[in-house]
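Data first, discussion second: the structure below is written as structure tokens.
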Amino acid sequence: MTQPKVRKIRIPKKKSSAKSRKENNLKSRSSALPAKNLDLEQMEQLAINTVRFLSVDAVQKANSGHPGLPMGAASMAYVLWTRFLRHYPANPLWLNRDRFVLSAGHGSILLYSLLHLTGYDLPLEQLKQFRQWGSKTPGHPERGLTPGVETTTGPLGQGLANSVGFAIAEKYQASLYNRPGHEIINHYTCVLASDGDLMEGVSSEAASLAGHLELGKLICLYDDNQITLSASTHITFTEDRAKRFEAYGWHTQTVENGNDLEEIDKAIREAQAIGDRPSLILVRTHIGYGSPHKQDTFEAHGSPLGVEEVKFTKQAMGWPIEPPFIIPDEALALFRAALKKGKAYETEWNMRFSAYTKSFPDLAKKFQQEMADELRSGWDEEVPTFPADPKGMATRAASGKVLNALSRKLSTLIGGSADLDPSTDTALKAMGDFENPNNETGNLQGSIGGGWSYGGHNLHFGVREHAMGSIANGLGVYGGIIPFTATFLTFSDYMRPSIRLAALMKRRVVFVFTHDSIALGEDGPIHQPIEQLASLRAIPNLLVIRPADANETAEAWRVAIETKNQPVALILTRQDVPTLDRTRFAAANGLRRGAYVLADAPNGKPDIILIATGSEVGLIVEASQKLIDKKISVRAVSMPCWELFDAQPQSYRDKVFPPHIRSRLAVEAGATQGWCKYVGDEGDVIGVDRFGASAPGKIVMKEYGFTVDNVCDRARKMIGRKKPN
Ligand SMILES: Cc1ncc(C[n+]2csc(CCOP(=O)(O)OP(=O)(O)O)c2C)c(N)n1
């Protein structure tokens, strides 16, 4: 662990009374204290100002960043981090740590300052490199990059919604693994949220669900500074936030003075004592606290204070103007106590866990395996193989069977839909409903069965797609859980920010999307996805898999479970598709390579390659047969996943699409954008580049050209173009 260099500083002596400390006027601030023989209150003020000025200096040095929030929220952060948060900076991944989420990710320098000060492996040099190339202190907190950062935040509202996922995960793991006298999971999730966080719809969805689920160990400190990026909240955000959260079922408290440490302390203590409701603590703070000309203005929000204003602020707060990045010994000592306390927490927990291991060896092993993200042998042994069937089944239906087979073996696999279980086929039968066991009210419509508890595998997200995505991200980030979500493909737009963040965080979350094309029929263009496939494929590090039939669907689920560092979108049909006869066609595990030759030209020298995904694979298979009957050599390629294909060696890709075969026709009931990469300049695409229409699915497909005849015509035309005869 790198210890920071600590400078001794001389700070002019100036005593402050308890009363004056509670006031917000600048003159009474009590940081102007002697460096020696400080009492605790003085040291605490020194520590809080250390956070403030590390943040101010880092932003100023970077000439970029957000100083206002750290300056205003430093006191509550200090109280939470030094008096309550149970964590161990030397082991940031200690399993039973309290989770802290800075939902207002733009205030990242606050988090980095706290991480450095409490002893995480984040040297002071990193704070000096704030927002610079290659540093561990990027503009917004990024999970996986900086030790101690639990989740990537910045898009407002996401962190709060992720925290709901953490709190669900805690309840789930506790329910699954704790035994009387043996509590191995028992921690809080604490989130610091801003006005912007509370304004964004996703936080309302998530908070509503958290209230319903009575997630008592979720505590949100709301930095109620009444200023946003460009405005006073008096012109944008005037509802009674406390009442709003009360209506959601939260316990709420208000701290009128965000610098009153004892009031904050009391509120957090009370929040922790509330077991059956999440807590919101509205803490009235002042953005840019201490800055003579910028406090309480949006000028303090997202720009450096400026050289002169930094000087004025330090003068006003009794802080040495030079040098920057001062960390007084006394302040550091208060924060670094986290190392000793953390060691004690961890040691005590290790003892608890070894007693647990003795009493419940199998459970302990399972818990460790799951937390290490290892799959138990036999995890997929119940996954069915589907017999060939020309009528077949919808891939959503196949998915339902596979998912249920998996969930019986994998207690890590939990999730649900946004009020669409009967449509998305994602109910885990008899695997329990995730609800507060105290509220069991009998056989409610919609409950799936198998027990009503915090150990239920079925999460009922309600009609809340965006929060569903973000909560699933929280579950995925937490560890030991493979979360899945489900809705219609067209509504992927409602959860796109969450999908993007899962990809950015390199976390496995399985996003199931059914009703994947215009073929869904009568619900019409508002339900019929067009551009969604292309837009999902545009997200880096996301696997988008559109299986062709039931057996490819089984394989797609296997890939989704095995993929640890990427989210996966499974794109499934509402309508039946034939289950291909795998004795005639290549095996479904070709899906693992993204694209594979399903059936080749009889002479192995195709005139044309037909390529399709999902429901259109059946179509090209039929069309191929017809073309072969007309003595045209056709290769049929199933291409369920572009990203997996792109990851194959060039030699494999050239085998599937030999460069000299220029006649290539792709068929997919979605936007054609992007297909040119595979069909090339001389190829063609049958796709959908306009909105759909309300009519029976088969009619819509026919009208949009998804017929065997049209595929054959377009194929023949293409070959005609190349080989006139
Ligand atoms: C979804 C989203 N929209 C917009 C932004 C850009 N943005 C960053 S901070 C902010 C508002 C800041 O207000 P507040 O949340 O109160 O933070 P404070 O001003 O207290 O730092 C905005 C609009 C964002 N980060 N995320």
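Nothing in this text is a laboratory measurement; each read-out follows from the coordinates by a stated rule. Being a predicted model, the structure only gives us computed values, none of them experimental. Counting neighbours? That spans all protein chains shown, and the Cβs are built from the backbone with ideal geometry, glycine included.
A compact table of results
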| read-out | value |
| --- | --- |
| Separation of the Lys630 and Gln445 label points, Cα + 7 Å toward Cβ, nm | 5.2 |
| Shape category assigned to the chain from the gyration tensor of Cα positions, a/c cut at 1.5 | prolate |
| Given the chain, longest segment not containing exposed loop chymotrypsin sites (Phe, Trp or Tyr not before Pro) (DSSP; at most 14 other Cβ within 10 Å) | 134-690 |
| Sequence-separation-based contact order of the chain, relative, with Cα cut under 8 Å and 6+ spacing, percent | 12 |
| Pairwise label distance in nanometres, Ile526 with Lys409, each label 7 Å out on the Cα-Cβ vector | 4.2 |
| Length-normalised contact order of the range 579-725 in % [C-alpha pairs under 8 Å, at least 6 apart] | 24 |
| Helix-only CD estimate at 222 nm, as mean residue ellipticity for the chain, using -39500 (n - 2.57) per DSSP H run (n ≥ 4) | -12000 deg cm²/dmol |
| Cleavage-rule hits (GluC sites (Glu not before Pro)) in the range 154-243: DSSP loop, at most 16 neighbouring Cβ within 10 angstrom | Glu183, Glu239 |
| Loop GluC sites (Glu not before Pro), the range 480-559 (other Cβ atoms within 10 Å of the site Cβ: 14 or fewer; DSSP) | Glu522 |
| Cross-link pairs beyond the 32 Å C-alpha cut-off, checked among Lys171/Lys409; Lys217/Lys564; Lys341/Lys365; Lys311/Lys341 | Lys311/Lys341 |
| Candidate aspartates and glutamates for bridging to Lys61, where Cα separation is under 15 Å - those fewer than 8 sequence places away on the same chain excluded | Glu125, Glu308, Glu309, Glu322 |
| Gain on full stretching of the segment that runs from Asp581 to Asn541 - 0.36 nm per residue minus C-alpha separation | 11.2 nm |
| DSSP-defined beta bridges in the range 37-342 - what % are antiparallel, rounded to 5 | 10 |
| Net length gained if the chain between Thr297 and Thr254 were fully extended (0.36 nm per residue, minus Cα distance) | 13.3 nm |
| The range 389-578, relative contact order [Cα under 8 Å, separation at least 6], % | 27 |
